[in-house]
Amino acid sequence: DWETIQGTLGVNKGKWYYETKWNGSGAYMAGWTSVNFMNASPVNYVGHTHTEPSYAIQASDGGIYYSTSSAATQDSASWGDTFGSANVLGCAIDIDNGKLYWSKDGVWMNSGDPTSGSTGTGAFSISDTATNYFWNPVMSSYNGAQGMFNFGSGFFGTTAVSSANADANGHGAFEYAVPSGYYALNTKNLKEYG
């Protein structure tokens, strides 16, 4: 069945970045949810059934599965690229401008430019009614696929990243470059930017 896990550090302003990767086959997705998403019922996968805001990209078709505060279970099919267990997925949120971006192995999908600000080049827009929420990283997987977050620790599970890219504040060890002006989810950055 579907299983979903949400990160524990929520943000309600600023620009944030993390990476994720999976072991095994099956279906999986990653993105951002409101802090209350996991308290809603039922929780199967991101975007499913209820009206707590959530947004994630699906590996098998590159579609964005999402829910907003006013509508549940929506799908923007084939928005981005498909990806698999060999790929590193970058997840960036610009809360100040209500924009989401995803990268595959360091290349931003949909010709996205996370540094484009309010123009949101290649972004997926967060619903206007959902911009006052605290946002947490999230991943969902199906049929045994194991997801691994990298919030800047430099590891996916027990495997170290092959490069060590820090955020603009000098924090973190990510596989790919963190977009300019985006930060790793850690308590020091939260105090300063979140």
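The values are calculated or read from the model by the stated rules, or taken from the named source; none is laboratory data. None of the values given here were measured: they were computed from a predicted structure. Because the Cβ atoms are built from the backbone with ideal geometry, glycine has one as well, and the counts that use them run over all protein chains shown. Remember, those area values only see protein heavy atoms, side chains included, never the ligands or the DNA or RNA. Shrake-Rupley method; radii C 1.70, N 1.55, O 1.52, S 1.80 Å.
Annotations
- Residues in the chain average 42 Å² of solvent-accessible surface per residue, probe 1.4 Å, ligands and nucleic acids excluded.
- Added length on full extension, which subtracts the Cα-Cα distance from 0.36 nm per residue, Thr159 to Ser25: 46.4 nm
- Helical content alone sets the calculated 222 nm signal of the chain at -1000 deg cm²/dmol, taking -39,500 (n - 2.57) per DSSP H segment of four or more residues and averaging over every residue.
- Residue-wise HN-Hα couplings along segment 183-194, as the Karplus relation 6.51 cos²θ - 1.76 cosθ + 1.60 with θ = phi - 60° gives them from phi, are 10, 5, 7, 9, 5, 5, 5, 4, 4, 8, 10, x Hz; Gly and Pro carry x.
- Label point distance in nm, Lys13-Ala71, each placed 7 Å from Cα along Cα→Cβ: 3.0
- Dipole magnitude for the chain: about 340 debye, using +1 per Lys or Arg Cβ and -1 per Asp or Glu Cβ, origin at the Cα centre.
- Peptides 25-33, 60-68 ranked from most to least packed give 25-33, 60-68, packing being the mean of other C-beta atoms within 10 angstrom over each peptide's residues.
- Using C-alpha pairs below 8 Å separated by at least 6 residues, the relative contact order for the chain is 28 percent.
- Between the listed residues Asn189, Ser54, Cys91, the Cα displaced farthest toward the positive end of the dipole of the chain, a dipole computed from Cβ unit charges relative to the Cα centre, is found at Asn189.
- Share of carbon and sulfur in the accessible area of the chain stands at 45%, probe radius 1.4 Å.
- From phi via Karplus (6.51, -1.76, 1.60), per-residue ³J(HN,Hα) for segment 132-139 in Hz, x at Gly/Pro: 9, 8, 7, 10, 10, x, 8, 9
- Between Ser163, Tyr65, Asn39, the Cα set farthest toward the positive side of the dipole of the chain (charges on each charged residue's Cβ, about the Cα centre) is that of Ser163.
- The lysines within cross-link reach of Lys13, meaning a Cα-to-Cα straight distance under 21 Å and a gap of 8 or more places when in the same chain, are Lys99, Lys188, Lys191.
- Per-pair calculated FRET efficiency, R0 = 41 Å: Thr82 and Asp128 via Cβ, rounded to 0.05: 0.90
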